[in-house]
Structure formats: structure tokens, C-alpha cells
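The values are calculated or read from the model by the stated rules, or taken from the named source; none is laboratory data. All figures in this text were calculated on a predicted structure; none of them were measured in a lab. Counting neighbours? That spans all protein chains shown, and the Cβs are built from the backbone with ideal geometry, glycine included. Just the protein is used for accessible areas: all its heavy atoms, side chains included, with ligands, DNA and RNA removed. Shrake-Rupley method; radii C 1.70, N 1.55, O 1.52, S 1.80 Å.
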Amino acid sequence: MSSTASGPWRVASLSDTGTVRVANQDACQEFGRSDGWRLLVVADGMGGHAGGERASQLALEAIGQVFAEGSTDAEALLRRAYEAANAHILETAGRDVKLEGMGTTAVALLLRPDGAWTANVGDSRLYRLRGRDFELLTEDHSWVQVQVRKGHLSLAEAEGHPYRNRLVRCLGYDSGSQVDIQALDLEVGDTFLLCSDGLWGELAEDEMARVLGDEEPAQAVRTLVSQADRNGGRDNITAVVAKVGGRSASQSRPVAPPTKTQPLRRWLRGFRKRASRPRP
Ligand code: CA
């Protein structure tokens, strides 16, 4: 686990193998620059024996390298970083038959004092707790998500679907260079969560929101990961939490029921998920 408090952000991260898998193919890292920019990344690798583990590490390596070059154009930087990661994985896989077919998701949050950007490929996610609103900011590039968008599957059907882990985009494939990038505004007290599906697949959204609202990043990542483990831990679990500015945990308020900016169906989805899961 790592935890830092330099600059206006407090950040902590934790990655865990879970209770079923024997290796951890997730990876996460926090990169910093002397101009105060920070970049947080979660990657969830897949493919072969060592392939998944390698792919997520290669993605972090390439993304970190581009970030360190010092570009001050956030969007161009993220686009180039993801292109570099995709190429790095393809190139490495091309040299070693054992790594053929490896790939990884990658979700990133770029923080600077005047704003933030997110980049995403795959089904790792970025959430934000702002006041009492807990919101998913990224879109999954998964087969079931495409079917939901087309109206062919309901959210409930998507959750239990045998293809729910099938991705339509990931780094290490031709599709990897198609990256979603968006600019975000920042407010003091905003709390971001980057995570792999091993976390969001095991925890209801209201559970995640409650932890982010109640706990400081260093404790929040521990609580989130151990809760996902207790709920099944069927996959590798990774959480990175970043809190903006000075509000202390004791000033944070509990998360309320849905608001206008938190669509009811997402809220209900959290409850359905929790209700349908047998408790230990
Ligand atoms: Ca996973």
C-alpha cells in the first residue's frame, strides 16, 4: 500500500490478489512531477500465465514515461501515453510467444491545481464523491455495456451475464488506441476512486460511497479492499483514492439516497447487487 499527502491532494492505493486468484494481474501507480502534476493509474491485465501481469505493468511503465516528459497539454499527454502503452504491449507480445494476446485495461486520473482529466480504456472505473453525490465518471468498454446501450440487455441482466467480463476495447489490441478522455472540474472535498472490476464487482455503490465519505484515503483503500475480499474476492482487487484539499474526514457527511445527479437506476442497482449477494 502507498499513501501520500504532498500538494493539495491526499492519495492512497492498495492492490490485493483476492481470495480466489493465485496471481495479481492488477497494477496501480501514482506518478508525480516537479510542477505539481499528479497522475494516478489503475490497470487490470489479462491473458495467459504471466501475460496479464506483464501487460498491466507495461502499461504503467509507458504511461509514466510519457507523463515524465513534462508536456503541459493534458489531453495530448494522456492520448500519447495511452498510445505508447498500447504500442509497448503489442511490441513486447510480438517478441515473446508466451505473452501473445496479453492486454490490459487502464483508467487514469490526471490532477493539477486547476483541474483534472480522466482517460479510460476497458472496464476499470473512476468514481467521484462530491458532497453527497456519488457518480461513475467513466464508461465501461465491455460487451454487456454495449448491449445495455443498445437496449438489448437491462442493467440487471448485464450484471449476471456470462459475458460480463468480455471487453470491446483494451490496451494491447488495435482497439487500445481508442481512448476516452474527459476534462473534469475540481472542488475542495471531491474524492475520487479508481478501481478494477474486482472492487466494483463485489461492492455496491452505496457501500463505496459511504467509505469514501467517512474515511481518509489511507483507511478508505484498506476498508474497500477488505470489504471486496469479504464479499467474495473472486478477482484481483485494486483501489486508489484521492481526496482534494482540506476537508477532514470528521467533517464529511454520510451519503444520502439518490439525488438528481445520481440516476435512480444506478442507486437501485447498488441495492439490488447488495440484496442478491449472500452475506458471510
Ligand atoms: Ca479484473
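From the Cα gyration tensor of region 1-81, with a ≥ b ≥ c the square roots of its eigenvalues, which class applies: rounded if a/c is under 1.5, or else prolate if a/b is larger than b/c, or else oblate? Intermediate results must be reported in sequence, preceding the final value.
On the way: a/c = 3.45, a/b = 1.51, b/c = 2.28.
Note, shape of region 1-81 comes out oblate.
Largest GNM mean-square fluctuation across Ser142, Ser177, Ser154, computed for the chain with C-alpha springs under 10 Å, falls on Ser154.
Taking the chain as a Gaussian network of alpha-carbon nodes connected by springs under 10 Å, the highest mean-square fluctuation of the residues Leu193, Leu58, Leu99 belongs to Leu99. Computed with a 1.4 Å probe over protein heavy atoms only, the accessible area of Glu216 comes to about 50 Å². Were the residues from Gln65 through Glu100 laid out at 0.36 nm apart, the gain over their Cα-Cα distance would be 10.3 nm. The spacing between region 140-174 and region 96-114, judged by their C-alpha centroids, is 19 Å. Every Cα-Cα pair in the chain was counted, and those over 30 Å apart are 25% of them. Applying the criteria of a DSSP loop state and at most 16 other Cβ atoms within 10 Å to the GluC sites (Glu not before Pro) of region 59-100 yields Glu69, Glu100. Electrostatic tally near Glu83: other residues with Cβ closer than 15 Å to its Cβ, Lys and Arg +1, Asp and Glu -1, net -4. Loop-located trypsin sites (Lys or Arg not before Pro) in region 137-179 (DSSP state not H, G, I, E or B) with no more than 14 neighbouring Cβ atoms inside 10 Å: Arg166.
Report the trypsin sites (Lys or Arg not before Pro) located in region 1-103 that are in a DSSP loop and have at most 12 other Cβ atoms inside 10 Å of their Cβ, or state none.
On the way: sites: Arg10, Arg21, Arg33, Arg38, Arg54, Arg79, Arg80, Arg95, Lys98; in loops: Arg21, Arg33.
Those that pass, being in a loop and sparsely packed, number zero.
Would you tally the net charge around Leu60, using a Cβ to Cβ cut-off of less than 12 Å, leaving Leu60 out, and scoring K and R as +1, D and E as -1? Local charge sum for Leu60: -4.
Using the rule -39500 (n - 2.57) for each DSSP H run of four or more residues, divided by the residues of the chain, the 222 nm mean residue ellipticity is -10500 deg cm²/dmol. Just to be sure I understand: with springs between alpha-carbon atoms less than 10 Å apart, which residue in Gly48, Gly18, Gly213 has the highest mean-square fluctuation in the Gaussian network model of the chain? Comparing Gly48, Gly18, Gly213 in a Gaussian network model of the chain, the most mobile one is Gly48. Summing charges over neighbours of Ile237, with a neighbour being any other residue whose Cβ is under 12 Å away from its Cβ, gives -3 when K and R count +1 and D and E count -1.
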